[in-house]
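Before I ask anything, let me first share the structure, which is written out below as structure tokens.
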Amino acid sequence: MLGLLRAAYLLKGVWAILAALVVGSGLIWLGGSDPIEAYSALFKGAFLEYHGFATTLVKMSPILLAGLAVALPLRAGLFNIGAEGQIYLGALFATWAALYLPEMPGWIHIVICSIAGAIGGGLWALIPGYLKAYHGINEVIVTLLMNYIGINLVSYFVSGPMLADGAPYPYSDEIRDSLWLPHILPRSGAHFGVVIGVLLAIVLFVIFRRTSLGLSLATVGHNPAAARYAGIPVKRYVMMSLAFGGALAGLAGAYEVLGLKYRLFHMFSAGYGFDGIVVALLAEANPLLVTVAALFLAGLRSGANIMQRAVGVPTTVVEAIQGLVIIFVAASIAFRFEKSTLAGIVRRRKAITAALAKESIEERGP
Amino acid sequence: MMDVFLDPTMLADFLATSLRLSVPIVFAALGGVLAERSGVYNIGLEGMMLAGAFGAAAGTFFTGSPFVGLVSGTLTGAMTAMILAVLAVSLGVTQIVAGIAINIFSIGITAFLSRIVFSGQANTMTLPGYKAFALPGLAAIPILGPILFHQDALVYLMYVTVPLLFLLMFRTPWGLSIRAVGENPRAADTAGISVARVRYMCVLGSGALAGLGGCYLVLAQVYLFSEHMSAGKGFIALAAIILGRWNPVGAFFACLLFGFFDALQLRLQFANPEVPYQAFIILPYAVSILALVGLVGKPTPPGAVGIPYEREGK
């Protein structure tokens, strides 16, 4: 019974999602549709149909990588709210490497473009990381503001220096097809980016759980004073955890170009950096759970279009539901089994039993 | 470009624009000062401002009265702040997480509701709003008159709000309670002040002020609601709070600085049509970061900001 309850507390992310979906059904009803019909269209379209599922995987790639980009600094107690801007810088660097580097064998060039993307996002996040570590400037504000700079920077480049000839809309030239990421499902857009995302999630999981690096990172997050005492270079950890987080977001941007769009568009990311925050918090910074949460959120996003076609609810309802998810997730953080009344009663009961046992031993005497 | 600063009429016009562009940031920053002084970090200012803008547009749309829009926008901001109050004060959730949640929620819900409420005409209609009028007497002051006293009603409201908030914070017993709760909640609690009540009031007031900032966007700047129209102004306000050292007057002047750079980038856009305009939009955001970096001396936030307060002996 108690174990069951403890499990219920552990699954609080699931409860948060369910609560959000219930409240969201009110919004759908407000929009003039039947919630059950709308949800079944959404989830069937996102997970049960071949092309719908492929679209889910397409959207999962940036959401997963952005989620990891938020989760990594979160281990060190830092909030990276700048994944969106880092995605843009990653895409910019990757596109630059794809368009302007001399021709070389396809897969080497893909690797170089990936690295360029990671460097772009990483350098962009290095700025708030450096300012946080060495000047004590709040990383939340700096990463937030840098989103707007990053997004507009890319808009500037594709409207000016990188604008394709005769383009009616701000975008760059198309990259060579030898640089296109391989597809993982035939006859669909699902590309290799999501596989790389899952592999990186596993790598991060192992680093967090099994290496001294992961332990140091967690120590910096939980108790910086203790970390300093243990000889961990706290400032460098702070700076580098944000930079590496940014590199992951940069990869997300790179693969949007190499795997999906094949050009750099202005305003190409549909807020994937913010989805990354949602999944990282939902997963409590556990990389494997980030994968699951990213799959769910990507499903919401891809299913939203199908739902709009099927029952006519605007796709923005999904953004509202996403907002509800994160509000309920935030609320669920407050509910810990250890803090619950029942856990308190159990503790007291154990204490009483122990006290009684001790008393009866003392009564019996030595 | 330089002629703007040489010709007195053009300069006055430019500074009046700067002032108008800083108004939404000022209201949001005042809200942030109020919340942070009571010990609650309000990253959600952006979302509350956006909610306020939506509330203002919806209220005006249904009644045709900008004043009703002003009231409903302010209330919508406060209602959004209620989420932060419940999460951060009652439930003790990490305040940054709660604020982020509000921002994401607000972007989504306003986008969704605007489709329903304005049913597709959100970007084409023009709502009635507040127009500039000269304050008799004051507007005749040379140079300053046209800049400061030929504005709309909400700008005048701002002139009143800044000193009022300053007096409230530093010259009244309420202000003392607010600052006590923000510096040392345990001591305040011992002295018989209800930490939760003070924080609730301040967070709700914070949301109302940020909502007012959103009202200004709709009712005095663009006269319509568009998705994510707050465009990071709430985040610039966060920088202004630090720059103004958690003081309403200081924050006000920091916001004027950002308004100045916003007006400057608009000028640069018009003066250089051959350069993609995005190159200039970056300016106010970059200035905010640079201002934080260049800040002389280390700013000291209120002692208990960001820390949920939990009474002992539960």
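The values are calculated or read from the model by the stated rules, or taken from the named source; none is laboratory data. Keep in mind that this is a model prediction, so the values were computed, not measured. Ideal geometry is used to build each Cβ from the backbone, glycine not excepted, and the neighbour counts take in all protein chains shown.
Tell me which residues, restricted to segment B:225-276, are more than 14 Å from chain A (Cβ to nearest Cβ), out of contact with any Leu (no Cβ under 7 Å at 6 or more places or on another chain) and surrounded by 23 or more Cβ atoms within 10 Å (Cβ to Cβ).
B:252, B:255
State all residues of segment B:277-296 that are part of a helix (DSSP H, G or I) and more than 7 Å from every other protein chain (Cβ to nearest Cβ); if no residue qualifies, say none.
Here is the first cut: in segment B:277-296, the residues part of a helix (DSSP H, G or I) are B:278-294.
Correct list: B:280, B:283, B:284, B:287, B:290, B:291, B:294.
Let me ask something additional. Checking the structure you have, find out if any residue of segment A:200-207 is surrounded by 13 or more Cβ atoms within 10 Å (Cβ to Cβ), over 19 Å from the mean Cα position of the chain (by Cα) and in a helix (DSSP H, G or I).
no
Pull up segment B:38-79, narrow it to residues that are in contact (Cβ under 8 Å) with a residue 60 or more places away in the chain and polar (S, T, N, Q), then point me to the one that is nearest to residue B:173 (Cα to Cα).
B:38
If you go through segment A:169-180 one residue at a time, do you hit one that is within 22 Å of residue A:262 (Cα to Cα), within 12 Å of another protein chain (Cβ to nearest Cβ) and either touching a residue at least 40 places away in the same chain (Cβ under 8 Å) or among the acidic types (Asp, Glu) (or both)? Break it down into steps so the answer makes sense when it comes.
Kept after step one, since they are within 22 Å of residue A:262 (Cα to Cα), are these residues of segment A:169-180: A:169-180.
Those still in the list that are within 12 Å of another protein chain (Cβ to nearest Cβ) too: A:170.
Going one step further and asking which of them are either touching a residue at least 40 places away in the same chain (Cβ under 8 Å) or among the acidic types (Asp, Glu) (or both), we end up with A:170.
Looking through segment A:169-180, at least one residue is within 22 Å of residue A:262 (Cα to Cα), within 12 Å of another protein chain (Cβ to nearest Cβ) and either touching a residue at least 40 places away in the same chain (Cβ under 8 Å) or among the acidic types (Asp, Glu) (or both).
For segment B:27-48, indicate whether the set of residues that are modelled with pLDDT under 95 and farther than 30 Å from residue B:110 by Cβ is non-empty.
No: zero hits.
Here's another thing I want to ask about it. Filter segment A:319-348 down to the residues that are assigned to a helix (DSSP H, G or I) and facing chain B (nearest Cβ under 8 Å) and list them by number. Before you say what the answer is, go through the steps one by one.
Residues of segment A:319-348 assigned to a helix (DSSP H, G or I): A:319-333, A:337-339, A:341-348.
Those that are assigned to a helix (DSSP H, G or I) and facing chain B (nearest Cβ under 8 Å): A:319, A:320, A:321, A:322, A:323, A:324, A:326, A:327, A:329, A:330, A:331, A:333.
Separate question: Name the residues in segment A:285-299 that are closer than 18 Å to residue A:332 by Cβ and assigned to a helix (DSSP H, G or I), would you? Walk me through it before giving the result.
Looking only at segment A:285-299, we keep the residues that are closer than 18 Å to residue A:332 by Cβ, and these are A:285-286, A:289-290, A:292-293, A:296-297.
Across segment A:285-299, the qualifying residues are A:289, A:290, A:292, A:293, A:296, A:297.
Does segment A:5-26 contain any residue that is touching a residue at least 12 places away in the same chain (Cβ under 8 Å), under 19 Å from residue A:303 (Cβ atoms) and of a type in the set (D, E, K, R)?
Scanning segment A:5-26 turns up no residue that is touching a residue at least 12 places away in the same chain (Cβ under 8 Å), under 19 Å from residue A:303 (Cβ atoms) and of a type in the set (D, E, K, R).
Now for a different question. Within segment B:127-182, restricting attention to residues that are among the β-branched types (Val, Ile, Thr) and within 30 Å of residue B:226 (Cα to Cα), which residue is surrounded by the fewest Cβ atoms within 10 Å (Cβ to Cβ)? Step through it out loud before you land on a result.
Kept after step one, since they are among the β-branched types (Val, Ile, Thr), are these residues of segment B:127-182: B:141, B:143, B:147, B:155, B:160-162, B:172, B:178, B:181.
Filter once more, so that each one left must be within 30 Å of residue B:226 (Cα to Cα): B:147, B:155, B:160-162.
Numbers: B:147: 19, B:155: 21, B:160: 9, B:161: 18, B:162: 20.
So the residue we want is B:160.
Does segment B:110-133 contain at least one residue that is facing chain A (nearest Cβ under 10 Å) and either of a type in the set (Lys, Arg) or closer than 15 Å to residue B:203 by Cβ (or both)?
yes
Looking only at residues in segment A:80-101 that are within 14 Å of chain B (Cβ to nearest Cβ) and small (Gly, Ala, Ser), which one is nearest to the chain's Cα centre (by Cα)?
Here is the first cut: in segment A:80-101, the residues within 14 Å of chain B (Cβ to nearest Cβ) are A:80-85, A:88-89, A:92.
Narrowing the set further to residues that are small (Gly, Ala, Ser) leaves A:82-83, A:85.
On the way: A:82: 11, A:83: 9, A:85: 14 Å.
In this case the residue turns out to be A:83.
Among the residues of segment A:254-266, is any at positive phi, of a type in the set (Phe, Trp, Tyr), touching a residue at least 12 places away in the same chain (Cβ under 8 Å) and in the same structural domain as residue A:120 (by TED's automatic domain parsing)?
Here is the first cut: in segment A:254-266, the ones at positive phi are A:262.
This time we only want the ones that are of a type in the set (Phe, Trp, Tyr), so: A:262.
In the following step, the residues that additionally are touching a residue at least 12 places away in the same chain (Cβ under 8 Å) were identified as A:262.
This time we only want the ones that are in the same structural domain as residue A:120 (by TED's automatic domain parsing), so: A:262.
Yes: one or more hits.
If a residue has to be under 24 Å from residue A:95 (Cα atoms) and away from chain B (no Cβ under 11 Å) to count, how many in segment A:109-166 make the cut?
The qualifying residues number 21.
Suppose we filter segment A:276-288 for residues that are over 16 Å from residue A:200 (Cα atoms) and either touching a strand residue (DSSP E or B) at 6+ places or on another chain (Cβ under 9 Å) or more than 9 Å from chain B (Cβ to nearest Cβ) (or both); how many remain?
Of all residues in segment A:276-288, those over 16 Å from residue A:200 (Cα atoms) come to A:277-278, A:281-282, A:284.
Adding the requirement that they be either touching a strand residue (DSSP E or B) at 6+ places or on another chain (Cβ under 9 Å) or more than 9 Å from chain B (Cβ to nearest Cβ) (or both) leaves A:282, A:284.
So the count comes out to 2.
Identify, please: which residue in segment A:261-284 is over 19 Å from residue A:250 (Cβ atoms) and not in a helix (DSSP H, G or I) and is, among those, farthest from the chain's Cα centre (by Cα)?
Initial filter on segment A:261-284 (over 19 Å from residue A:250 (Cβ atoms)): A:278, A:281-284.
Then keep just the ones that are not in a helix (DSSP H, G or I); that gives A:283-284.
On the way: A:283: 9, A:284: 11 Å.
Only one residue tops the list, namely A:284.
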